[in-house]
1. Of the cross-linked pairs LYS215/LYS337; LYS154/LYS202; LYS38/LYS219; LYS49/LYS444; LYS328/LYS452; LYS150/LYS215, which ones have a Cα-Cα span greater than 31 Å in the structure shown?
2. Can you give the net charge of the other residues whose Cβ lies under 15 Å from the Cβ of LEU405, counting K and R as +1 and D and E as -1?
3. Considering only C-alpha atoms, what is the centroid distance from the range 45-66 to the range 222-238, in Å?
4. I need the shape label for the range 200-241. Rule: rounded when a/c is under 1.5, else prolate if a/b > b/c, else oblate, with a, b, c from the alpha carbon gyration tensor.
5. Name the long-range amide H neighbours of SER354: under 5 Å, sequence gap of 5 or more, or other chain; modelled H, no Pro or chain starts.
6. Starting from the 7 Å offset along Cα-to-Cβ, what nm value, one decimal, do you get for the label separation of SER391 and LEU319?
7. Once you sort the root eigenvalues of the Cα gyration tensor of the range 150-223 as a ≥ b ≥ c, which label holds: rounded (a/c under 1.5), prolate (a/b larger than b/c) or oblate (the other case)?
8. From the phi angles alone, apply the Karplus equation (6.51, -1.76, 1.60; θ = phi - 60°) to the range 227-234 and give each ³J(HN,Hα) in whole Hz, x where the residue is Gly or Pro.
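What follows draws every value from the coordinates through simple rules; no lab data is involved. For clarity, every value in this text was computed on a predicted model and none was experimentally measured. Quick reminder, even Gly has a Cβ in these numbers, built from the backbone with ideal geometry, and neighbours come from all protein chains shown.
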Amino acid sequence: MKHFLMMLLLIFLLCFFSEAKQDYFCSLNNSDTILVYKRYLGISYRKTKLFNNRCERNRKKYFRNLRSAEEKIKTRLDKVNPRLSNYLYGLNYKMNAPYLSQVKSIKNKLQIQSNSPNIYFAYFDTLKNSIRYLNSNADSNQFYSPRFRKKLRKAEKEITRAEKNIIESNSDNAFIRQRKIILKNALQKYPELDDELLSFKKGAYYNLATFDELKQTFKDPTSIENNATKFLLADFYYRNFITANSDLSSFAKSFPKSGGSVAFSSMQTTIQTGDLMQHSIKNLGPDAKHILESNMAEMHSSLSKAKTQFSSLENLADLPEFKINPLKTKPFFERVKFGFDLHFSPGTLFVPVSGEFGVHAGYQISQRTIAGGTSFYRVGFGDGVRNIVWSHEGLSYGTYAEHNLKRIIFAYITFERKYYYDVSYRNESLDKSTWKNSLMAGFKLKTQNKKKRSYCVSLLYDFMHELQIPFTPALTYRVGWEF
């Protein structure tokens, strides 16, 4: 009797937990969750498509630059040392051919390995497995509409394309890194080829830096992505799917199981490193300690500077030997800065007489200089609190340039053409021409917050204010924000 009651209790508990589990997973498949998944798919599809398009476009662009640099090196080297040229390029190298078609022959001749180390990309690993898990249950899940299933297939197609681009880019970067070292060692006796070699180094560096910049597309997940990930992590089957298919699990499988052994015979040990250091210290003489301290301090400062300037680099061989331009890896629209400006003319009784509302757009030429165009609309407010009248006063347009002097201080200059609406009918003594020129220069203070939005205040002096009829104020202040 006792065993019978225990069996009934066990059956009751199993039924209770199975129904609770079923109700729990049904709640994950309701309309609200599907809506989150739809938004998640939309964001993932746009991000991966943008990454793929830019990755493929930049790959072709920088490979054209590398092909041009290699052809210049080969042309000069054929005259200086044909034997070395044949060793580096071979007899089957075709000029003006796509660089990708030449890579295979160069690899085979010089026996260059382009296998890149596996670098774990956490965001993309989660994104890839989430989309594939949702797509694996698309046919059996009754809550998925045909349109939702179509979005899943499109998203997975872009994910597969992005995975292929990442693998190819890592392989190409490994080949270019080794190719740069080979060319540097082979051409070090030919200083007349330094310009051509520098051109290749620049192409190699910007190719790698652009790929690292592209990976920032997946850096900051949105709130929709975080919510979708939380829903998925609550699914027991999704956690099993991640465990079996994630990149981390494939890394773990590459190591031997417990009881196995790994060969470390070719690796340098701590004892060998210590013996080598002791031997080197003895050769330095009596001032060895002072020499080591000075060299270590210099090395530490150099490494700290390199770490701050090139934090995205994963290999010391990728450190540039030239002055880099960080803006070269950014697309056009990321270098364009937009903003709004406000200016109020002083009035009486705390009410301004008129106000100017403007927009501007500038292109970032360098790290410290921006140039662009601006436009303003002038509105009248009346002549006091008791007589507030909205009126159209005119328009203006112009060009501007600003240069960062120090931290938040900018030098600012602008030339504007201003049109004052119906000025002539108010006073016949005024100049009949309603178009006025204005050349202003001054300083601008610009602060920046975490959301990449800058608030700015500028104080400008108009060098042409005395040429206007009537005179216009010499000093002008403006406030605004940029993004």
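1. Check vs 31 Å cut-off fails for LYS154/LYS202; LYS49/LYS444.
2. Summing Lys and Arg as +1 and Asp and Glu as -1 gives +4.
3. Cα centres, the range 45-66 to the range 222-238: 29 Å.
4. Note, shape of the range 200-241 comes out oblate.
5. Distant-sequence amide H within range of SER354: SER345, PHE381.
6. 6.8
7. Cα axes put the range 150-223 in the prolate bin.
8. Once θ is set to phi - 60°, the couplings for the range 227-234 become 5, 5, 5, 5, 4, 5, 5, 6 Hz.
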